[in-house]
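Okay, structure first, notes after.
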């Protein structure tokens with residue numbers, strides 16, 4: 001599985017198609033079927049009690065699964081999440097970035113499946129895990 | 001399962017503990033082990049292509065499962081989501097509110113399990129389904 | 001969504017393609033996008049402590065989602081489960097049949113999504129819930 | 001996380017409490033928070049079309065998550081699965097054993113969370129992935 005889009009290409013793409021949220025995320029590293037990226041935690045991601053909201057963790061897992069899929073198939077803005085299962089395991093630190101390490105487990109013609117572990121920067125153990133399925137739009141007949 | 005917190009009490013509670021997002025949601029109806037609530041769709045919830053983002057649908061499912069649990073046990077701000085499985089089935093209309101109908105399937109001492117169907121206002125068929133587990137903090141010994 | 005295969009047709013089909021397990025299950029009722037069926041609980045489904053095994057409940061949810069999908073699209077032996085999320089909520093009675101009530105939430109060209117509630121015969125509240133995605137094989141070009 | 005039960009202790013335990021299915025599984029290796037085990041594929045696990053049934057893969061994931069939890073907390077027959085999410089990604093070979101590699105992601109007082117990858121012996125890529133939550137019975141007050 002050769003990388004078709006690297007960290008820079010994915011960052012440019014994210015800015016083009018998801019301008020509203022592109023400032024929230026940074027791509028750290030792209031490898032063969034894997035990506036490391038982060039949520040640049042800001043006030044809007046926090047919850048009372050000093051932690052990061054579930055939807056913010058979901059959003060990070062979702063964008064990581066999306067981008068690692070695109071890193072292998074190229075820019076397909078219309079790929080859509082069809083399923084996500086997520087376990088929240090520990091409370092992230094409020095003041096720290098979240099780091100997602102995503103691995104593409106399957107890349108089929110129609111579906112991709114990605115596993116994601118989410119870490120709170122500075123902690124050893126993952127704060128959440130997620131698995132996501134993306135539906136890949138069929139290629140137009142040429 | 002008598003209702004301990006009704007729509008008004010849940011709305012007041014949501015405003016107290018989640019002030020950042022309370023403007024996004026409205027509680028329409030609370031029954032025995034069930035709630036109907038909505039996401040007041042705004043620009044920040046949209047995605048290019050005229051649809052509502054996955055994290056916004058997740059956030060609605062999450063708050064519905066939280067509030068239907070609290071409607072039965074009273075105000076326990078510290079209940080936390082431990083697991084969510086969500087299927088995205090259809091594209092919601094960008095200009096419409098999302099409506100969640102949540103049903104509490106189990107209310108144990110330690111865990112609650114809730115099923116949620118999400119509708120795009122004006123459409124018959126659900127746009128997403130989710131099931132969520134909440135961990136309920138143990139009661140302090142008195 | 002008209003019914004293409006009724007309870008009798010599904011029972012015959014199940015016997016043809018899954019002869020090994022057909023004796024374990026009975027179809028009680030088929031409606032538009034819904035099915036009620038049961039696991040005929042036998043010794044092999046039990047666990048010490050007087051309950052029914054998780055894999056037996058999974059198997060019932062899986063066959064219910066499969067058959068309710070086929071009830072709408074006709075006999076497609078090659079439809080395959082791609083995802084299942086299941087919550088085990090209560091302990092089923094060891095001596096009772098399990099009853100699954102499944103509802104087709106989405107029937108697309110490529111994927112179906114089904115919600116299943118599993119009951120222990122004689123108890124009011126569900127013992128498990130599951131949601132399953134089936135991949136539907138593309139129709140051959142004719 | 002020191003290992004409290006090794007492969008031999010887990011095998012003996014499995015035979016004591018799950019005698020009906022103990023012949024189906026073998027424990028290959030136990031490490032700190034991880035286990036490798038296999039389904040000794042037999043005729044009853046197969047499906048027409050030359051593959052292994054979904055419930056058999058579920059059963060393997062379930063027992064792997066159970067045993068890796070017990071490897072850390074000792075013999076607690078009453079731990080129960082509360083949730084499983086499983087993705088079926090590829091078709092296993094009918095004649096091959098299935099190998100599960102499970103990793104304990106969280107071991108709390110009340111819940112454990114385990115990730116499992118399932119391989120068909122001889123193939124590189126996983127045929128399924130699963131994540132499971134077990135509820136751990138509270139320790140009796142002494």
How shielded is D:86-93 by partner chains, expressed as the average number of their Cβ atoms within 10 Å of its Cβ atoms?
6
On Cα atoms only, tilt of B:54-73 relative to the major axis of chain B in degrees:
30 degrees
Whole number please: convex hull volume per residue of the Cα set in the protein assembly as shown, in Å³?
164 Å³
Taking the Cβ of each residue in A:21, D:12 as the centre, tally the other Cβ atoms inside 10 Å and list the residues starting with the fewest.
D:12, A:21
Against the empirical 2.2 N^0.38 Å scaling, what ratio does the C-alpha Rg of segment D:59-109 come to?
1.33
C-alpha long axis of helix B:7-17 to longest principal axis of chain B, angle in °:
90 degrees
Helix-only mean residue ellipticity at 222 nm, chain D, DSSP H runs n ≥ 4 weighted -39,500 (n - 2.57), per residue, nearest 500. What is it?
-7000 deg cm²/dmol
Provide a whole-number value for the mean count of partner chain Cβ atoms within 10 Å of the Cβ atoms in peptide D:71-81.
2
Test item: D:105-113 mean partner chain Cβ contacts at 10 Å:
5
Give me C:115, C:124 sorted ascending by neighbouring Cβ count inside 10 Å, so fewest comes first.
C:124, C:115
Relative contact order (%) - segment A:63-123, alpha-carbon pairs under 8 angstrom, separation at least six
36 percent
Could you grab the relative contact order for chain C? Cα pairs under 8 Å, six or more apart, rounded to a whole percent.
24 percent
Whole Å is fine, so just give me how far the alpha carbon centre of segment D:50-101 lies from that of segment B:100-142.
27 Å
Which three semi-axes in whole Å describe the equivalent ellipsoid of segment B:9-70, each the square root of 5 times a Cα gyration tensor eigenvalue, listed largest first?
22, 13, 9
If I build a Gaussian network model for chain A, linking alpha-carbon pairs within less than 10 angstrom, which residue out of A:92, A:75, A:55 has the largest mean-square fluctuation?
A:55
For q values of 0.15 Å⁻¹, compute log₁₀ I(q)/I(0) with the Debye formula on a Cα-only model of chain C, without solvent.
-0.69
How would you rank D:107-113, D:127-133, B:78-84, highest first, on the average number of other Cβ atoms within 10 Å across their residues?
D:127-133, B:78-84, D:107-113
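None of the figures in this text is laboratory data; all of them are computed from the coordinates on show. Quick caveat, the model's predicted, so the values are computed rather than measured. All Cβ positions, glycine included, derive from the backbone under ideal geometry; neighbour counts span all protein chains shown.
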